[in-house]
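I have placed the structure first, in the form of structure tokens, so that the comments after it can refer back to it.
The values are calculated or read from the model by the stated rules, or taken from the named source; none is laboratory data. Just so we're clear, the structure is a prediction, and the values are computed from it rather than from any experiment. Every residue, glycine among them, receives a Cβ derived from its backbone with ideal geometry; neighbour counts consider all protein chains shown.
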Amino acid sequence: MKIYPLLFTLIFTLQFNAQTNKTEVLTLGSFHFNFPNNDFVQTELSNQIDVLKPKYQEEIKSIVQKIERFQPTIIVIERKPSKQKYVDSIFNSYLRGEYDLKRDESQQIGFRLAKKIGIKKLYCVDEWGEFNQQVDQVLFGKDSLVQKEFSNNFKENTDTNLKFNPNNVFKVEGILAELIKLNDPKNIRKSLGNYLIGPFKYESDEGDFFGVNFETGRWFNRNLKIFRNIQRIDINENDKILVIFGSGHMNILNILFESSPEFELVNTNSFLQ
């Protein structure tokens, strides 16, 4: 009879450990250092900065030092898995001193930090979302009139005044101040609202859910796939993950990390400030 209390204790201990042994994750949401202007956020040339200038290089080095305190063992970046071999190649060239970092946060922060702490690989986990048949037919089908109607609605978004789009501060206050602002949980939550207005409310036929299906594929499905790619990484018990992505992605990724029984999201700004 004595075996039952021992068995109960063992089962309880295993369940408790399963609940507490989570992998710590720090998500670093960033503006794109090279300003490709391919995203929701557009930055005019007059408001851009050159991160290769000495004063910004010194600031980036200081930011890397701050993030180093998290002691990540895995770094994931906003590049598609199809680019893994290319990223491996240029990163190895950088480690050998044969490659100069480009204007790219994945390289300026990710490569620099990985080299500093001895990480040998950065994981490419970005993805595109998938649309359902209804949206596919409009975006890529042969009906140019329907396609043009949605395109015009997308460009002439009547909800522009509702968008959460705070002014950037990197030009006046520096890169660190911008990162602290972008990683403020309150601002991250507000940014999710941008995907619940405008195109989200578009109806191809009255009463349908075309806009919902569009944003489901463009944003929600995309970030779920990114999260799944992170799950696919071979993670050991003592690993810590640093995620370097465009800040907009954090309005979904942070929710997923916070909700997951596998991960524990840490406060990014506790390291930046």
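Numbers at a glance
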{"item": "Residues that are in contact with a Ser or Thr (Cβ under 9 Å, 6 or more places away or on another chain) and in a helix (DSSP H, G or I), drawn from the range 237-256", "result": "Ser247, Gly248, His249, Met250, Asn251, Leu253, Asn254"}
{"item": "Answer residue from the range 113-154, given it is under 18 Å from Gly198 (Cα atoms) and β-branched (Val, Ile, Thr) and is nearest to the chain's Cα centre (by Cα) among those", "result": "Val135"}
{"item": "Hits in the range 253-273 (condition: β-branched (Val, Ile, Thr) and under 12 Å from Ile67 (Cβ atoms))", "result": "Val266, Thr268"}
{"item": "Test set (1) modelled with pLDDT under 95; (2) out of contact with any Phe, Trp or Tyr (no Cβ under 8 Å at 6 or more places or on another chain); (3) assigned to a helix (DSSP H, G or I) - Asn157 fails condition number", "result": "(3)"}
{"item": "Hits in the range 142-167 (condition: exposed (fewer than 12 other Cβ atoms within 10 Å of the Cβ) and either over 30 Å from Lys181 (Cα atoms) or of a type in the set (Gly, Ala, Ser) (or both))", "result": "Lys142, Asp143, Ser144, Leu145, Lys148, Asn152"}
{"item": "Pair list, Cβ < 9 Å and 6+ apart or interchain, from the range 203-215 residues that are touching a residue at least 24 places away in the same chain (Cβ under 8 Å) to residues that are part of a loop (DSSP other than H, G, I, E, B) and of a type in the set (D, E, K, R)", "result": "Phe210/Glu203"}
{"item": "Some residue of the range 128-143 being in a helix (DSSP H, G or I) and among the small types (Gly, Ala, Ser)", "result": "no"}
{"item": "Meets criteria (loosely packed, with under 15 Cβ neighbours inside 10 Å and modelled with pLDDT of 95 or more) for Asp39", "result": "no"}
{"item": "Complete set of residues in the range 49-108 that are without any contact (Cβ under 8 Å) to a residue 24 or more places away in the chain and among the charged types (D, E, K, R)", "result": "Lys53, Lys55, Glu58, Lys85, Arg96, Glu98, Asp100"}
{"item": "One residue from Val212, Val243 being under 16 Å from the mean Cα position of the chain (by Cα) and either under 28 Å from Phe131 (Cα atoms) or hydroxyl-bearing (Ser, Thr, Tyr) (or both)", "result": "Val243"}
{"item": "In the range 257-271, the residues that are surrounded by 19 or more Cβ atoms within 10 Å (Cβ to Cβ) and not in a strand (DSSP E or B)", "result": "Phe257, Thr268"}
{"item": "Residue within the range 105-113 that is of a type in the set (Phe, Trp, Tyr) and over 30 Å from Lys181 (Cα atoms) present", "result": "no"}
